[in-house]
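Let me begin by presenting the structure, written as structure tokens, before commenting on it.
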Amino acid sequence: MDATIYHNPKCSTSRKALQALRDAGIEPTVVRYLDEPYTREQLVKLFADAGLAPSQAVRKREALYKELDLASATDDEILDAMVAHPILVERPIVVTDKGTRIPRPFEKLDEIL
């Protein structure tokens, strides 16, 4: 099975998801999105594939979320902020042949393995 994980090695959930993929016998393509930032088109596709709106995939606990007043922003404004500040994107995003998920809660990963 082909898989890609948009990974932040500092995030425990992201590390756990990467290990779960490997434990399932999958060696995913690892994209360190803080080093290789997302494009707007990538995010639009990833969120559509996951069935999420940008407002559902933004890290609301990130200090920048409050600083940029994203609670009152449109989805387009949130996307712009995510492209400019990839730390705002909830992590990890996992893509397999079976679908795309942000495994929060973590059990959502099982849906695409």
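The values are calculated or read from the model by the stated rules, or taken from the named source; none is laboratory data. As the structure is a computational prediction, the values presented were derived from the model and not from experiment. Here Cβ is always computed from backbone atoms with ideal geometry, including for glycine, and neighbour counts include all displayed protein chains. Quick note on the areas: whole protein, heavy atoms, side chains included, nothing else; ligands and nucleic acids left out. Shrake-Rupley method; radii C 1.70, N 1.55, O 1.52, S 1.80 Å.
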Handout entry: Partners for Lys16 among lysines (Cα-Cα distance below 22 Å; same-chain residues under 8 apart left out)
Key = Lys60, Lys98, Lys108
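Summing -39500 (n - 2.57) over the DSSP H runs of n ≥ 4 in the chain and dividing by its residue number, what mean residue ellipticity at 222 nm do you reach, to the nearest 500 deg cm²/dmol?
Values: 4 runs with 38 residues, N = 113.
Dividing the helical sum by the residues of the chain leaves -9500 deg cm²/dmol.
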Practice task
Might you work out the accessible area of Thr39 for me, using a 1.4 Å probe with all protein chains in place, and round it to the nearest 10 Å²?
Solution key: 60
Fill in the blank from the handout: Over the stretch 67-113, the quotient of the Cα radius of gyration and 2.2 N^0.38 Å is 1.39
Exercise for the section: For the chain, evaluate the Debye formula with one uniform point scatterer on each Cα (no solvent term) and list log10 I(q)/I(0) at q = 0.11, 0.13, 0.23 Å⁻¹, rounded to two decimals. Expected result: -0.32, -0.45, -1.34
Exercise for the section: For Arg104, list long-range residues whose amide hydrogen, built 1.01 Å from N in the peptide plane, is under 5 Å from its own amide hydrogen. Expected result: none
Practice task
Pick out which of Glu41, Glu27, Glu77 has the largest mean-square fluctuation in a Gaussian network model of the chain, springs linking Cα atoms closer than 10 Å.
Solution key: Glu41
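If contacts are Cα pairs under 8 angstrom and at least 6 residues apart, what is the relative contact order of the chain in percent? Please report the intermediate quantities before stating the final value.
Numbers: 158 pairs, mean separation 37.1, N = 113.
Once normalised by length, the contact order is 33 percent.
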Handout entry: Residues with amide H under 5 Å from that of Ala3, placed H, sequence gap 5 or more
Key = Thr29
Problem - Integer Hz, Karplus 6.51/-1.76/1.60 couplings in order for the stretch 95-105, x for Gly and Pro - result: 10, 10, 4, 9, x, 10, 9, 9, x, 9, x
Completion exercise
Any residue on another chain or 5+ positions along whose placed amide H is under 5 Å from the amide H of Val89 is listed here as Arg59
Problem - Label-point gap, in nm, between Lys66 and Asp2 - each point 7 angstrom along Cα→Cβ - result: 4.2
Fill in the blank from the handout: Whole-Hz Karplus couplings 3J(HN,Hα) for the stretch 29-41, θ = phi - 60° and coefficients 6.51, -1.76, 1.60, Gly and Pro as x, run 6, 9, 10, 7, 5, 6, 8, 10, x, 5, 8, 4, 4
Fill in the blank from the handout: Judged on accessible area alone, 1.4 Å probe, highest first, Tyr38, Tyr6 line up as Tyr6, Tyr38
